[in-house]
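Everything below concerns the one structure shown next.
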Amino acid sequence: MKYAVIDRGDKLSIQLAERFHTLAAGRGLVRDEERPEIVISIGGDGTLLQAFHTHLERIDELAFVGVHTGHLGFYADWQKDELEELVRTMSDQEPKIVRYPLARIEMETAEGTSSHLALNEFTLKGVDGTLVAQININDELFEMFRGDGIVISTPSGSTAYNKSVGGAIVHPSIESLQIAEIASINNRVYRTLGSSVLLPAHHHCDIISRKEQRLLLAIDHLNILRSDIRSIRASVAGQKISFARYRPFTFWNRVREAFLGYEVN
Ligand code: NAP
């Protein structure tokens, strides 16, 4: 099996990556940073986002395994003191492949259209003031938005930024997109729903800029600043991300451990 490793760049993660390579060589696993079948992310959930964007072009041909240097994460099943067990399991056992939905946007700017994929979410914010935008769902006007911004999250991203702005937590088996508001202004001109909405895979949503404004588009951890964004069309992507599971760790156990603090048995 061919594998690659991405680490967070801190001292502990770098040491763990080196240890992983040593253990993997002893078990006959082949390091291939260009065309891996399995990508090991060592750090946190943020490191898995980096790993996802690094290997985006081959996303259909590989699966991810997360090792967390702190607590277990939403994208990390293994802890720092379990590397030996992980390598042994990887060489002895076929993993169960679990696939999570991704979000896709098509961004229209003065330069043309570009498309992007996100694992957690897309966030659109005003830079010099509030974001002013028309929101259409399935090509029909839904609402006029004025506020700090909008978060468009995947199910697995629903526990990240989306949760902080009051969005619901969505199980990753539900192919959907969640649109959540960040501090909307509500008055006679601008009226928004006030709660997040969940779109199914066959729906789409357009965010149309209603004035010349500098906007910050965040694609997971990556930020793009532009003053010529005309619109963004968001939908559930046709592609998915694959995770290689060598042992069960259910989504609801992750939620419970992360937010309620109870240990998983
Ligand atoms: P960061 O600001 O250094 O860390 C963001 C935090 O979100 C980290 O604790 C990270 O966990 C956690 N996280 C990442 N994905 C998650 C998920 N799917 N569910 C639950 N928690 C998750 O930024 P970063 O590490 O580069 O991560 C970028 C992400 O930060 C964005 O995708 C966005 O979701 C999130 N963010 C959140 C807010 C907010 O909640 N107010 C604001 C901006 C961005 P680890 O410690 O395990 O890496």
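List of remarks:
- What separates the Cα centres of the stretch 38-56 and the stretch 71-122 is a distance of 6 Å.
- Approximate spin-label separation E34-K2, in nm, with each point projected 7 Å along Cα-to-Cβ: 0.8
- Isotropic mean projected area of the C-alpha convex hull, the stretch 47-181 (nm²): 10.8
- Based on Cα contacts under 8 Å between residues 6+ apart, the chain shows a relative contact order of 20 percent.
- Counted over the stretch 1-151, the DSSP beta bridges are approximately 55% antiparallel.
- Each residue of the stretch 121-129 was assigned a 3J(HN,Hα) from its phi angle through the Karplus curve 6.51 cos²θ - 1.76 cosθ + 1.60 (θ = phi - 60°); the sequence is 5, 10, 10, 10, 9, x, 9, 8, x Hz, with glycine and proline shown as x.
- Computed on the stretch 102-238, with alpha-carbon pairs under 8 angstrom and 6+ residues apart, the relative contact order is 33 percent.
- Simple rule: put +1 on each Lys or Arg Cβ and -1 on each Asp or Glu Cβ in the chain, find the dipole, and look at S235, L48, A76; the Cα lying farthest toward the positive end is S235.
- The accessible area of T113, taken with all protein chains in place and a 1.4 Å probe, comes to roughly 100 Å².
- In the stretch 1-81, the trypsin sites (Lys or Arg not before Pro) that fall in loop regions by DSSP, at most 10 other Cβ within 10 Å: none
- Charge sum, other residues only, whose C-beta stays under 13 Å from H68's C-beta, Lys/Arg counted +1 and Asp/Glu -1: -4
- Relative contact order computed over the stretch 95-168 (Cα-Cα under 8 Å; 6+ residues apart), in percent: 28
- Rounded to 10°, Cα long-axis angle of helix 11-26 versus longest principal axis of the chain: 50
- Considering only the chain, percent of DSSP beta bridges that pair antiparallel, nearest 5: 80
- Simple label model, 7 Å out from Cα along Cβ direction - I137 to K80, nm: 4.4
- Counting heavy atoms of the protein chains alone, D10 has an accessible area of about 50 Å² for a 1.4 Å probe.
- Whole-number Å³ per residue for the convex hull built on Cα positions in the stretch 81-158: 193
- The stretch 115-200 shape via C-alpha gyration tensor axes, a/c threshold 1.5: prolate
- At full extension, Q15 and R247 could sit 81.1 nm farther apart than now, given 0.36 nm per residue minus the alpha carbon distance.
- Sorted largest first, the spans of the alpha carbon positions of the stretch 110-265 along the three principal axes are 53, 34, 28 Å.
- Against the main long axis of the alpha-carbon atoms of the chain, helix 45-54 sits at an angle near 90°.
- Rg over Rh, two decimals, the stretch 218-265 (C-alpha only, Kirkwood Rh): 1.17
- By a 1.4 Å probe calculation restricted to protein chains, R247 has an accessible surface near 70 Å², given to the nearest 10.
- Distance cut-off 29 Å, percentage of C-alpha pairs in the chain lying past it: 36
- Only Lys, Arg, Asp and Glu carry charge here, each on its Cβ (+1 for the first two, -1 for the last two); on that basis the stretch 106-150 has a dipole of about 160 debye about its Cα centre.
- Degrees, to the nearest 10: 83-92 long Cα axis against longest axis of the chain: 80
- Share of carbon and sulfur in the accessible heavy-atom surface of the stretch 102-238 [1.4 Å probe, %]: 47
- Shape index of the stretch 46-104: Rg/Rh, with Rg the Cα radius of gyration and Rh the Kirkwood radius from the inverse mean 1/r over Cα pairs, equals 0.97.
- Cross-link partners of K240 among lysines (Cα-Cα below 17 Å; sequence separation of 8 or more within a chain): K96
- Anisotropy class of the stretch 1-61 from Cα gyration tensor, a/c 1.5 cut: oblate
The values are calculated or read from the model by the stated rules, or taken from the named source; none is laboratory data. Since we're looking at a predicted model, the values are computed, not measured. Ideal geometry is used to build each Cβ from the backbone, glycine not excepted, and the neighbour counts take in all protein chains shown. SASA here: full protein model, heavy atoms, side chains in, ligands and nucleic acids out. Shrake-Rupley method; radii C 1.70, N 1.55, O 1.52, S 1.80 Å.
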